[in-house]
Amino acid sequence: MKDLLAFQIINRLNIAVLVRHDTNIYEPFGTMPSFYNELFPPVGDKACTTPWEHSPMLEMFIIDAEMFFGRVMEGETFSSGVWQEDGKIEGDAALIAEAFVIDDKQVITIRLLQQDYRDRVGVLNDARSKLLENRELSRNLDHYREKSRMDGLTGVFNRSTFIELLHNFIMESNIKSKSLSLIMMDIDNFKKFNDTYGHLAGDEVLRAVGAHLRESCRSDDVVARYGGEEFCVVLRGSTQENTIKTAHLLCEGIRKIRVAALPTITISIGCAIYRRNESIEQFIKRADMALYDIKYSTKNGVSMR
């Protein structure tokens, strides 16, 4: 009575059960569901014992299942994943096979998925759509996040990114006792460019200075537009001597820039070497004060504090 009830339940669920006796030797368990006999023709009045001979996908599954049975303990399961037998099943239906060990018996089940399959496909399609949407959104966010880190006019980092990176470098300097230098610079007489030649000419000057700084500094240096006509460069691992040398080279290089019919561009530079445990505000203020020293004296030069 219990076996009959089990067979009826298995049939209603469209599950075919085969019990393994030896390598590639399986015996159908109970009455096989109708889909099984349609796909895998019976031999006389007996259900097919070698269904993989009629299905390439099932043939591949049986090869893996035999390897699975050679190494597993009870309670483990190996699944084929879902597949369709082209032209052999009407409507939206598919098959899934599983191998497992239960009560010391090695068993394979083949199940027909109908509504289950449609539901799975729907869920997978929804998940795929959401994945693609999220991926596109992520790409857009990365794009805008990257853009938000840069100054749109000059192509160097903006002020907020500069502050963020400088915080990190200061922590690194305090932990590793690694030298850190800050160069603050200001384009001399920039207001005259705007007032005399127009704001578009002023923009060209800013672009030219930004491009020169990008090209002249090392890949691990940080070049940023601090605001208006002010730029800054953070040098990691640079001595005071090398920092001053770099500052003079930047001054010299910018004097050589030629922008259309505009006069020569010059900059004033203030430098500071980081002092252990100094706050970021103190560090920037010292470089800014050094810039103030040269800006309101000779201009077109370098000062250190």
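The values are calculated or read from the model by the stated rules, or taken from the named source; none is laboratory data. Quick caveat: nothing in here was measured; it's all calculated off a predicted structure. With ideal geometry, Cβ positions are generated from the backbone for all residues, glycine too; neighbour counts draw on all protein chains shown.
Kindly list the number of the only condition in (1) part of a loop (DSSP other than H, G, I, E, B); (2) surrounded by fewer than 19 Cβ atoms within 10 Å (Cβ to Cβ); (3) in contact with a strand residue (DSSP E or B) (Cβ under 8 Å, 6 or more places away or on another chain) that fails for Ser219. It is condition (3) that Ser219 fails.
Kindly evaluate Ala247 against the criterion of being crowded, with 20+ Cβ neighbours inside 10 Å and in a helix (DSSP H, G or I).
yes
In the set Asn134, Asn174, only one residue is closer than 30 Å to Arg276 by Cα, surrounded by 10 or more Cβ atoms within 10 Å (Cβ to Cβ), at pLDDT below 85 and not hydrophobic (A, V, I, L, M, F, W, C); that residue is Asn174.
Only one of the listed residues (Arg258, Arg305) is surrounded by fewer than 19 Cβ atoms within 10 Å (Cβ to Cβ), among the basic types (Lys, Arg), without any contact (Cβ under 8 Å) to a residue 40 or more places away in the chain and under 25 Å from Gly152 (Cβ atoms). That residue is Arg258. The set of residues from region 222-235 being assigned to a strand (DSSP E or B) and crowded, with 16+ Cβ neighbours inside 10 Å comprises Val222, Val223, Ala224, Arg225, Tyr226, Glu230, Phe231, Cys232, Val233, Val234, Leu235. On the stretch given as region 271-305, residues that are more than 39 Å from the chain's Cα centre (by Cα), not in a helix (DSSP H, G or I) and not charged (D, E, K, R) total 8. Of the helices (runs of 4 or more DSSP H) entirely within region 1-118, those holding at least 2 residues that are modelled with pLDDT of 85 or more occupy 34-39, 56-69.
When region 267-302 is filtered for residues that are surrounded by 16 or more Cβ atoms within 10 Å (Cβ to Cβ), of a type in the set (Val, Ile, Thr) and touching a helix residue (DSSP H, G or I) at 6+ places or on another chain (Cβ under 7 Å), the ones remaining, listed by number, are Ile267, Ile269, Ile273, Val302.
Within the bounds of region 194-214, is there any residue that is modelled with pLDDT of 90 or more and within 24 Å of Glu281 (Cβ to Cβ)? Yes, because at least one residue in region 194-214 is modelled with pLDDT of 90 or more and within 24 Å of Glu281 (Cβ to Cβ).
A quick yes/no check of all residues on (1) among the aliphatic types (A, V, I, L, M); (2) touching a Cys at 6+ places or on another chain (Cβ under 9 Å); (3) modelled with pLDDT of 95 or more; (4) more than 16 Å from Asp188 (Cβ to Cβ):
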position	(1), (2), (3), (4)
Arg236	no, no, no, yes
Gln240	no, yes, no, yes
Ile254	yes, no, no, no
Ile265	yes, no, no, no
Arg275	no, no, no, yes
Tyr296	no, no, no, no
Arg305	no, yes, no, yes
